[in-house]
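Engineer: This structure is in structure tokens; I'll ask about it shortly.
The values are calculated or read from the model by the stated rules, or taken from the named source; none is laboratory data. Keep in mind the model is a prediction, meaning the values are calculated, not measured. Glycine gets a Cβ as well: all are built from the backbone with ideal geometry, and neighbour counts include every protein chain shown.
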Amino acid sequence: MRFADIIGHDDLKARLRTQIDAGRVSHAQLFTGEAGFGTLSLALAYVQYLFCTNRHDGDSCGVCPSCQQIGALAHPDLHFVFPVNKREKKSGEVILSDMFIDKWREIWNNKQGIFSAEEWFAMLDLGKTLKGLISAKESEEIIRKLQFKSFSSEYKAMIIWLPEAMNADAANKILKILEEPWDKTLFILVSEHPERLLSTITSRTQEVSVGHIDVASLQRVAMAEGKSEQEARNMARLANGSMLELRELLSGETDEMRTTSFDLFVRLMRLSYNDKHLELFEWADDIASLSRESQRQFFLHSVRLLRESYMLHAGLGSLSYLWGEEEKFCRNFAPFIGNQNIEILVEEIERAMLQISQNGAPRIVFTHFALAVSKQINRLQ
């Protein structure tokens, strides 16, 4: 994975390569950002540039033995840790990342290094409720691996994907090595939710914030897939900086889910406007019965529709990317979204998303969410 393979993030890539060129490599770094922003693949490109024996033109060469091994996720001095689990686990059975490294390579190759936790857990066949974890035994394995001398490179590197999946015991076990690592040892933690990490972990790392992929870069990707300039521009805007979202738009996989999300959004807002609490309970029951991915998509589409409605309310309709039924509804709905409630509504969505991702009871989460939304919509009546 070369920097050239990373979509967008030109300024960040330049800053990362400059740090390595100047010899300013922090031993513990926290890459933060959504999966669709390419956070994990950017972390790997950083390690490949650091390990490369023939860097040139601001990038790793891609052909030296080190680059070839990293490209295959098989470098002896690069280790991966990620959330794992399995159904019907035996009592006392230890589950470690290395047991699933072949699946890890498979999903990496299939998804070009950009995939969600949900896609990974589906790869592990964990079902609807079982989630991946990083155990205390995994932390012990991290320490064991890194105590040895590097095999072929100057550095040893450990990439920990989704460190927020660590329990307190697992996180505490790596505190000392994060603070006082062996020489030429690099830790890269790749997190979507750094707020869930122990403060003792974040205080020992240097944060690298990975933001949205710019619209122009996503538009070029869409055009390379055969979309017209106008179609590509619309898709890039709707993707909200995420390659995962753009892929779904390009494949058409989101059409049905997008319609379902829109219908749920319209129903929620109309019930909220009319203050129909009993029907809101029914709405909560209906969405609680959907899959976690459908619930996640509802939240993402709701944020987008609220943002677009707010822009219409603010007189910025020329910057809006809506059409059809969405545009018709949001133009009528816009007067009810203003400075008084937009931030609160988005916060309610983020809170509910977090609760669902942490296996909160869906009926309880969505009932509370629906009532909170109803209260805010009524503020502007």
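Engineer: Since Phe80 meets every condition but one in (1) of a type in the set (Phe, Trp, Tyr); (2) surrounded by 23 or more Cβ atoms within 10 Å (Cβ to Cβ); (3) touching a Leu at 6+ places or on another chain (Cβ under 8 Å), which condition does it not meet?
Structural biologist: (2)
Engineer: Confirm whether Ser191 is assigned by TED's automatic domain parsing to the domain that holds Ser97, closer than 25 Å to Glu140 by Cβ and modelled with pLDDT of 95 or more. Write out each step before concluding.
Structural biologist: Values: assigned by TED's automatic domain parsing to the domain that holds Ser97: yes; closer than 25 Å to Glu140 by Cβ: yes; modelled with pLDDT of 95 or more: yes.
Taking the combined requirement at face value, the residue satisfies it.
Engineer: Please state which one of Leu186, Leu162 is on the phi > 0 side of the Ramachandran plot and surrounded by 18 or more Cβ atoms within 10 Å (Cβ to Cβ). Even if it seems obvious, please write down each step before you answer.
Structural biologist: Details: Leu186 fails: on the phi > 0 side of the Ramachandran plot.
Answer to the selection: Leu162.
Engineer: Just need a number here: residues in segment 221-253 that are of a type in the set (S, T, N, Q) and at positive phi. If you could, list the steps in order and put the result at the bottom.
Structural biologist: Here is the first cut: in segment 221-253, the ones of a type in the set (S, T, N, Q) are 228, 230, 234, 240, 242, 251.
Okay, now just the ones that are also at positive phi, so 240.
Residues that pass the stated criteria total 1.
Engineer: Across segment 239-275, what is the number of residues that are of a type outside the set (A, V, I, L, M) and in a loop (DSSP other than H, G, I, E, B)? Reasoning before the result, please.
Structural biologist: Step one: of segment 239-275, the residues of a type outside the set (A, V, I, L, M) are 240-242, 245, 247-248, 251-256, 258-263, 265, 267, 270, 272-275.
Retained after the next criterion (residues that are in a loop (DSSP other than H, G, I, E, B)): 240-242, 252-253, 274-275.
Number satisfying all stated conditions: 7.
Engineer: Report, ordered by the first and then the second residue, all pairs with beta carbons closer than 7 Å, sequence separation of six or more or different chains, a first member in segment 315-336 that is closer than 16 Å to Asp263 by Cβ and assigned by TED's automatic domain parsing to the domain that holds Ser272, and a second member that is surrounded by 12 or more Cβ atoms within 10 Å (Cβ to Cβ) and at pLDDT below 75.
Structural biologist: Hits for this filter: Cys330/Leu322.
Engineer: Further question: Report whether or not Glu180 is among the acidic types (Asp, Glu) and either crowded, with 18+ Cβ neighbours inside 10 Å or touching a helix residue (DSSP H, G or I) at 6+ places or on another chain (Cβ under 9 Å) (or both).
Structural biologist: Numbers: among the acidic types (Asp, Glu): yes; either crowded, with 18+ Cβ neighbours inside 10 Å or touching a helix residue (DSSP H, G or I) at 6+ places or on another chain (Cβ under 9 Å) (or both): no.
For Glu180, the condition - among the acidic types (Asp, Glu) and either crowded, with 18+ Cβ neighbours inside 10 Å or touching a helix residue (DSSP H, G or I) at 6+ places or on another chain (Cβ under 9 Å) (or both) - is not met.
Engineer: Six or more apart or on different chains, Cβ atoms under 6 Å: show the pairs whose first residue is in segment 101-113 and without any contact (Cβ under 8 Å) to a residue 60 or more places away in the chain and whose second is aromatic (Phe, Trp, Tyr).
Structural biologist: Partner pairs satisfying both residue conditions: Ile107/Phe115.
Engineer: Among the listed residues Glu179, Glu88, Glu118, Glu138, which satisfies the condition of being touching an Asp or Glu at 6+ places or on another chain (Cβ under 8 Å), of a type in the set (D, E, K, R) and over 23 Å from Gln48 (Cα atoms)? Spell out how you get there, then give the answer.
Structural biologist: Numbers: Glu179 fails: touching an Asp or Glu at 6+ places or on another chain (Cβ under 8 Å); Glu88 fails: touching an Asp or Glu at 6+ places or on another chain (Cβ under 8 Å); Glu138 fails: touching an Asp or Glu at 6+ places or on another chain (Cβ under 8 Å).
Just one listed residue meets the conditions, Glu118.
Engineer: Right, here's the next one. Please go through segment 327-381 and pick out each residue that is of a type in the set (S, T, N, Q) and at pLDDT 85 or above.
Structural biologist: To start, the set of residues in segment 327-381 that are of a type in the set (S, T, N, Q) comprises 332, 339-341, 355, 357-359, 367, 374, 376, 378, 381.
Answer for segment 327-381, where residues must be of a type in the set (S, T, N, Q) and at pLDDT 85 or above: Asn332, Asn339, Gln340, Asn341, Gln355, Thr367, Ser374, Gln376.
Engineer: With respect to Ala236, determine if the residue is in a helix (DSSP H, G or I), among the hydrophobic types (A, V, I, L, M, F, W, C) and at pLDDT 90 or above.
Structural biologist: Details: in a helix (DSSP H, G or I): yes; among the hydrophobic types (A, V, I, L, M, F, W, C): yes; at pLDDT 90 or above: no.
Here the answer is no, as Ala236 does not meet what is asked.
Engineer: Let me ask you something else. Assuming Gly226 fulfils every condition listed in (1) assigned to a loop (DSSP other than H, G, I, E, B); (2) crowded, with 19+ Cβ neighbours inside 10 Å; (3) not charged (D, E, K, R) apart from one, which condition is it?
Structural biologist: Failing condition for Gly226: (2).
Engineer: While we're on this one: Sort out which residues of segment 151-168 are of a type outside the set (Lys, Arg) and over 24 Å from the mean Cα position of the chain (by Cα), and write them in order of number.
Structural biologist: Quick first cut of segment 151-168, residues of a type outside the set (Lys, Arg) only: 151-155, 157-168.
Hits for segment 151-168 are Phe151, Ser152, Ser153, Glu154, Tyr155.
Engineer: May I pose another question? Quick one: is Asp169 at pLDDT below 95 and either within 25 Å of Met353 (Cβ to Cβ) or surrounded by fewer than 14 Cβ atoms within 10 Å (Cβ to Cβ) (or both)?
Structural biologist: Numbers: at pLDDT below 95: yes; either within 25 Å of Met353 (Cβ to Cβ) or surrounded by fewer than 14 Cβ atoms within 10 Å (Cβ to Cβ) (or both): yes.
Yes; evaluated as a whole, the condition is true for this residue.
Engineer: Suppose we keep only residues that are surrounded by 11 or more Cβ atoms within 10 Å (Cβ to Cβ) and without any contact (Cβ under 8 Å) to a residue 60 or more places away in the chain within segment 16-26. Which one would you say is nearest to the chain's Cα centre (by Cα)?
Structural biologist: Let us first name the residues in segment 16-26 that are surrounded by 11 or more Cβ atoms within 10 Å (Cβ to Cβ), namely 16-21, 25-26.
Retained after the next criterion (residues that are without any contact (Cβ under 8 Å) to a residue 60 or more places away in the chain): 17-21.
Values: Arg17: 23, Thr18: 26, Gln19: 25, Ile20: 25, Asp21: 29 Å.
Looking at residues that are surrounded by 11 or more Cβ atoms within 10 Å (Cβ to Cβ) and without any contact (Cβ under 8 Å) to a residue 60 or more places away in the chain, I get Arg17.
Engineer: Filter segment 120-152 for residues that are without any contact (Cβ under 8 Å) to a residue 24 or more places away in the chain and surrounded by fewer than 16 Cβ atoms within 10 Å (Cβ to Cβ) and give the result.
Structural biologist: Ala122, Arg144, Phe148, Lys149
Engineer: Among the residues of segment 60-77, how many are surrounded by 22 or more Cβ atoms within 10 Å (Cβ to Cβ), in contact with a Lys or Arg (Cβ under 9 Å, 6 or more places away or on another chain) and closer than 17 Å to Ile188 by Cβ?
Structural biologist: Number satisfying all stated conditions: 2.
Engineer: Give me the helices (runs of 4 or more DSSP H) completely within segment 4-123, filtered to those with at least 1 residues that are among the small types (Gly, Ala, Ser) and over 26 Å from Ile201 (Cβ atoms), ordered by residue number. Spell out how you get there, then give the answer.
Structural biologist: Numbers: elements: 10-21, 39-51, 65-71, 101-111, 117-123.
By residue number, 10-21, 65-71, 117-123.
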